[in-house]
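Read through the structure below, which is laid out as structure tokens, and then see the notes.
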Amino acid sequence: MNRTIFRVCVMSPLRAHKKLSRSYSSICWNCEHNTTSLFCKSCNKVQPPTNKDNYFEALNVPAVYNVDVDQLEHEFKDLQKKLHPDKFTGASEEEQRYSAQQSSLVNNAYQTLKDPQLRATYMLENILHADVENLQLSKEFLMDMMELMEEIETDRSLTEDDFRRRKEQISQHKQHIFKNLSESFKSNNIADARYHVAELNYLSRIDNLINEKLPYCCIDYKTK
Ligand SMILES: [Zn+2]
């Protein structure tokens with residue numbers, strides 16, 4: 001884990017962009033030339049991941065919450081192409097292993113960063129080292145959630161449409177929280193960001209509870 005880069009992020013995520021270009025081991029495992037890119041500039045061999053914890057770095061995007069999703073997708077597809085197993089069929093075992101490791105890292109990074117909830121959790125836990133578990137939510141929020149939970153669990157008159165409507169409400173509530181979350185990260189307000197992630201986690205739990213009540217075919221019918 002690169003502590004220097006992480007400390008810069010904590011102080012000022014917005015100003016940390018330039019520090020976050022991809023960093024690889026400085027010596028190529030194959031030809032021992034200095035290398036700072038995914039493929040060695042001298043022998044063109046793929047390099048092993050050196051910083052498995054930084055998903056932003058893995059995808060060559062700035063470590064900010066309001067990440068450019070189009071750029072994220074573009075970088076992901078580009079790297080996926082470069083790391084495709086077909087390109088390494090005749091390669092040595094070592095090279096195949098490194099390309100598979102890079103490919104898996106890029107894949108995990110993309111799955112995490114493209115999702116606004118996973119991205120927020122990832123940033124708090126892995127970049128800012130903040131606890132997202134032990135947090136006291138407001139009484140008002142908890143009361144609303146408990147009411148909703150009880151209704152889902154006990155109200156036998158709820159129809160499939162009712163459940164779908166509850167899912168839609170949860171989805172809208174989440175969209176609203178994502179906006180708040182974006183503001184919190186922009187203003188570097190980590191306490192607020194933690195709070196919003198805790199709210200989102202609660203809403204996800206209720207959403208899952210509804211999924212259990214719905215026939216398999218109806219899950220995510222309206223949330224996609
Ligand atoms: Zn090399």
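Read-outs throughout are calculated quantities, based only on the coordinates presented, and are distinct from any laboratory measurement. Since we're looking at a predicted model, the values are computed, not measured. Cβ atoms come from the backbone with ideal geometry, glycine included; neighbour counts cover every protein chain shown.
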**Message:** Residue by residue through segment 58-63, what is 3J(HN,Hα) from phi via Karplus (6.51 cos²θ - 1.76 cosθ + 1.60, θ = phi - 60°)? Round to whole Hz and write x for glycine and proline.
**Reply:** 4, 9, 6, 10, x, 7
**Asked** Could you give the nm distance between label points at residue 91 and residue 44, where each point is 7 Å from its Cα heading toward the beta carbon?
**Response** 1.3
**Request:** Determine the dipole magnitude for segment 123-224: charges of +1 sit on the beta-carbon of Lys and Arg, -1 on that of Asp and Glu, nothing else is charged, the reference point is the Cα centre, and the result goes in debye to the nearest 20.
**Result:** 380
**Prompt:** Is the shape of segment 90-224 best called rounded, prolate or oblate, per the rule: a/c under 1.5 gives rounded, else a/b larger than b/c gives prolate, else oblate, with a ≥ b ≥ c the square roots of the Cα gyration tensor eigenvalues?
**Reply:** oblate
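Tell me which trypsin sites (Lys or Arg not before Pro) from segment 80-129 have a DSSP coil assignment and no more than 16 other beta carbons within 10 Å of their own. If you can, show how the numbers build up before the last one.
Details: sites: 81, 82, 87, 97, 114, 119; in loops: 114.
Of the trypsin sites (Lys or Arg not before Pro), the ones in loops of segment 80-129 whose Cβ has at most 16 other Cβ atoms within 10 Å are 114.
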**Prompt:** Can you work out ³J(HN,Hα) from phi for every residue in segment 191-208, in order, using Karplus 6.51 cos²θ - 1.76 cosθ + 1.60 and θ = phi - 60°, giving whole Hz and x for Gly and Pro?
**Reply:** 4, 5, 4, 4, 4, 5, 5, 5, 4, 4, 4, 5, 5, 5, 4, 5, 4, 5
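Normalised by the number of residues in segment 139-218, what is the relative contact order in percent for Cα pairs under 8 Å and 6+ residues apart? Before the final figure, lay out each step's value.
Numbers: 31 pairs, mean separation 30.9, N = 80.
The normalised contact order for segment 139-218 reaches 39 percent.
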**Prompt:** What are the aspartates and glutamates whose alpha-carbon lies under 19 Å from the alpha-carbon of residue 45, with same-chain residues fewer than 8 places away excluded?
**Reply:** 32, 78, 86, 93, 94, 95
**Prompt:** Tell me, what HN-Hα J-couplings in whole Hz come from the Karplus equation 6.51 cos²θ - 1.76 cosθ + 1.60 at θ = phi - 60° for each residue of segment 33-50, using x for Gly and Pro?
**Reply:** 7, 5, 9, 10, 10, 4, 10, 4, 5, 8, 10, 6, 7, 5, 9, x, x, 10
**Prompt:** Counting other Cβ atoms within 10 Å, which GluC sites (Glu not before Pro) in segment 40-141 have at most 15 and lie in a DSSP loop?
**Reply:** 133
